Amino acid sequence: MRYVIIGNSAAAVGAIEAIRQYDSENPITVISDETHHVYSRPLVCHLLGELVDEDRMYYRPLDFYERYGVEPMLGVRATAIDTQEKKVSLAGGGAVSYDRLLLAVGGKPFVPPVEGIDLDGVFTFTKWEDAQKIDRHIKDHDVQTTLIVGGGLIGMKAVKALMARGLHLTLVELADRILSISFDHTASKLAESILRRAGAEVITGTTVKEIVGKEGRVDHAVLQDGEMVDCDLVIFGIGVRPNLDLILPEPEKRTGIKVNQGILVDAHMQTSVPDVYAAGDCVETYDMILEVERPIAIWPHATRQGHVAGCNMAGIEKTYEGGFPMNSEDIAGMPTIAVGLTDPQEHQDEYEILERYDRGALTYKRLVLHRNRLVGAICVGDIDRAGIYTGLIRDRVDVSPFKDHLLSGSFGLISLPKEYRKHMVVGEGIVV
């Protein structure tokens, strides 16, 4: 048995550790176009912001590959998969054969077709290498003014990094508000006001039409409404899409692996092709709240999916039950958390909304209930109880007995039914 994993992030690590729980001998090969050892992608913005050094980027020991019997092929790009011959072709020639294959290839940054996109000083922002390139550009060209395109979670991470370095920044978002996927209107507007107080310029309802250069380097950008924004650096942080490069669209890459928005998998994380598995940001899995299959690109889900895939690759049946969006972000020093369905757009009369907004303290909480079950939560400024809310969403608890206390300052574990407290908190000496 030979295991091959394409990718080297959370899903890959989850799979490696699961495989080694049940198979300590058969070889594992990891193929990754990145040159770095296993690192934490959520810390990329901290690295660019000079808030952590490179040593803190690694979330597994440097002897991880050796301890787990992994052959790492780093800085090597997989170019094609032959699911009939069971081999992976590599850039520059050569191929690796497999018995069980895991696709943990993550997502790809979305960059719209904008004139000037190839100028020096235009970047995406998802990987360690991106942070290194941006850092080098800032230092080499004494960057003072920056433009971030995209007001979602990736854009917010770029904002955090550049603010930490004291750079003047403009954030532009095509939607009518920032963080429109995670937040409702109130939370979005509160986040915007927090950014403006911190010195950022926030422009919504438009985006970049053209990036204009001088001597091959970014000089300014022109927005769709005609406004000009001076900038020495442009970061596209619009979002990511599942990486399907090894599967679509060229005929020579047709693998028989079925895809929709992402790679389609079953509850065992197996694709439509036997012995080929997929996990992480490249797949579609079950959204427990919306009850549909869709990509949910967050780190904890990727780790769990990788674990399930690794178990099944090693012959131990495990299933992935699904998940829901969970995002935590620091906005100019203000902690925020958004979980589940936070702003339902359809069948709104079926949902009950509980809110508490303290304009003076700049704190906001919003809870979304459906048939007396919590399905979404937003916390801005005050993130206490966010973990409890997440558990209530995950476990589909009927909150009607304590619904009136959900937003009270005294709400906590003690407010929950005794049997549920036992489910959440166990351990020697703990009284529930």
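Read-outs: derived from the displayed coordinates by stated rules, not from any lab. Since we're looking at a predicted model, the values are computed, not measured. Note that we place each Cβ from the backbone using ideal geometry, even for glycine, and neighbour counts take in every protein chain shown.
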Averaging sequence separations of C-alpha pairs under 8 Å and six or more residues apart, then dividing by the length of the chain, give the relative contact order as a whole percent.
-> 15 percent
FRET E, pair SER410, LYS318, Förster distance 35 Å, beta-carbon r, rounded to 0.05 = 0.30
When the chain is fully extended, how far beyond the present Cα-Cα distance does ASN26 get from ASP330, taking 0.36 nm per residue of separation?
-> 105.2 nm
Name the residues whose placed amide hydrogens come within less than 5 Å of the amide hydrogen of THR29, ignoring near sequence neighbours (fewer than 5 apart) on the same chain.
-> TYR3, VAL4, ILE5, GLU71
Pull out a ≥ b ≥ c, the square roots of the eigenvalues of the alpha-carbon gyration tensor of region 335-424, then state rounded if a/c is under 1.5, prolate if not and a/b is larger than b/c, and oblate in the remaining case.
-> oblate
For a footprinting-style exposure proxy, rank ARG67, ARG254, ARG20 by other Cβ within 10 Å, fewest first.
-> ARG67, ARG254, ARG20
Under a Gaussian network model of the chain whose springs join Cα atoms within less than 10 Å, the largest fluctuation of ALA12, ALA158, ALA332 belongs to ALA332
Taking just the C-alpha trace of region 122-238, give me its Rg and Dmax in Å.
-> 13.5, 43
Taking only Cα atoms and a 10 Å spring cutoff, compute GNM fluctuations for the chain and point out the largest among ILE148, ILE316, ILE19.
-> ILE316
Whole-angstrom Cα spans of the chain along principal axes, big to small | 67, 63, 41
Mind sorting TRP299, TRP128 by how few other Cβ atoms lie within 10 Å of their own Cβ, fewest first?
-> TRP299, TRP128
